Amino acid sequence: MNEIRLSSEKRLRLFTGRAYPELAEEVAAELGIPITPTSAYDFANGEIFVRFEESVRGSDAFVIQSHSAPVNKQIMEQLIMVDALKRASAKRITVVLPFYAYARQDKKHRGREPISARLMADLFKTAGADRLMCVDLHTSQIQGFFDGPVDHLFALPLLTNYVGSKVDRKNLVIVSPDSGRVRVAERWSEMLGGTSIAFIHKTRDPRVPNESTTGKVVGDVKGMTCVVIDDMIDTAGTITKAVDALIDAGAKDVIIAATHAVLSGPAVDRLKKSRVSEVVVTNTLPISEESRFDNLTVLSIAPLLARAMKEVFEDGSVTSLFDGHS
Ligand code: R5P
């Protein structure tokens, strides 16, 4: 009689969309597993087709996709991958969002506006996601939009370790580019042993996208090295205006540190022309060769993603990755 072996062991499987396979490859190398081969192509009218080349039944599936431009296409491809996994009987599906697109639309500023960040969470749930894994959400409350576990990872230790190794901490000021990010500046300060903090008084017209007006520097920055922190650099308007305001207020030098290098439109040109000493970002989004410049430093988020995936797969603790910052 043939022996039937029963096994309830899950298999960790990593899947990547086409937006930024290089990041998935880095994560796969960290985990020591291959990426599950996937065919994906576009039909003439832009519709997307996806098929996995191996059985995914019973797997603990992690689907990684960076929401880079064209954002809507990358999101749709990831949704289709999740749908395919659900229909192919993956045991658990974790959607890995190194950069959660639409996160800035997390509330209604005026009547008749969407809450697109919520819609994103609903779409992934409907497609079949059991859990989300994200890095530096625009606001932490977005976690509550998804009906299920959300692993919210922070690039803070990665960025502070790097910046901390390069500056004289005694003459350091952490600067929030607006009043809304002061809490994050405080966490930077704690991680760097208690530096002082400043912020830029910024006003924004919600009817005009990507336009901000920088006001005055609140805090003492004269003769100091300033680190301006932000979750993302999109057109670089916010951050380069902050650099100008700080230098004009007497700062010795300014470093920019941001997690997500969206780098749309004029961003690279603005950063190159800016009086900033160094721009430090992570690779949650792809950065093309043409978008790289001399004082740009790109730190890899892959080890953090890989550690978090391992913890989730092994039912360990993702909180333990935050060095006490849960
Ligand atoms: C705003 O609330 C965000 O945290 C960023 O400061 C902003 O989205 C960056 O956009 P930009 O680079 O286009 O000024």
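What follows is calculated from the coordinates using simple rules that are stated; it is not laboratory data. Note that this is a predicted model, so its numbers are computed, not measured. In this analysis, Cβ positions are derived from the backbone assuming ideal geometry, glycine residues included, and neighbour counts consider all displayed protein chains.
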Counting pairs of alpha carbon atoms under 8 Å apart in space and at least six apart in sequence, what relative contact order in percent does the chain give?
13
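Which of 76, 81, 191, 309 has the fewest other C-beta atoms within 10 Å, and how do the rest follow up to the most?
On the way: 76 17, 81 27, 191 20, 309 24.
Going from sparsest to densest Cβ surroundings: 76, 191, 309, 81.
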Using Cα pairs closer than 8 Å and at least 6 residues apart in sequence, work out the relative contact order for the stretch 53-152, in percent.
27
Taking only the alpha carbons of the chain, the radius of gyration and the largest Cα-Cα distance, Dmax, both in angstrom, are 21.0, 84
Theoretical gain in end-to-end length, residue 22 to residue 162 [0.36 nm per residue, Cα-Cα removed]:
48.2 nm
At a Förster radius of 22 Å, what calculated FRET efficiency corresponds to the Cβ-Cβ distance of residue 107 and residue 186, to the nearest 0.05?
0.45
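How would you classify the stretch 13-93 from its alpha-carbon gyration tensor, with a ≥ b ≥ c the square roots of the eigenvalues: rounded for a/c under 1.5, else prolate if a/b is greater than b/c, otherwise oblate?
Since a/c reaches 1.5 but b/c is at least a/b, the shape of the stretch 13-93 is classed as oblate.
How do 43, 199, 313 line up, fewest other C-beta atoms within 10 Å first? Present the calculation step by step, with values, prior to reporting the outcome.
Values: 43 8, 199 20, 313 17.
The fewest-first ordering by Cβ neighbours comes to 43, 313, 199.
With the Cα gyration tensor of the stretch 8-166 giving a ≥ b ≥ c as the square roots of its eigenvalues, does the rule (a/c under 1.5 for rounded; else a/b larger than b/c for prolate; else oblate) give rounded, prolate or oblate? Could the numbers behind the result be given before it?
Details: a/c = 1.56, a/b = 1.16, b/c = 1.34.
Oblate.
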May I ask you to sort 102, 162 by Cβ crowding, counting other Cβ atoms within 10 Å and putting the fewest first?
162, 102
Between 32, 237, 219, where does the largest GNM mean-square fluctuation fall for the chain, given springs only between Cα atoms within less than 10 Å?
32
What does the charge count around residue 34 come to, taking other residues whose C-beta lies under 12 Å from its C-beta (Lys +1, Arg +1, Asp -1, Glu -1)?
-1
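If the limit is 28 Å between Cα atoms, which of 222/272; 107/310; 252/273; 166/310 go over it? Walk me through the numbers before you get to the answer.
Numbers: 222/272 24 Å; 107/310 33 Å; 252/273 17 Å; 166/310 31 Å.
Exceeds cut-off: 107/310; 166/310.
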What fraction, in whole percent, of alpha-carbon pairs in the stretch 156-300 exceed 21 Å separation?
36
Relative contact order (%) - the stretch 156-300, alpha-carbon pairs under 8 angstrom, separation at least six
19
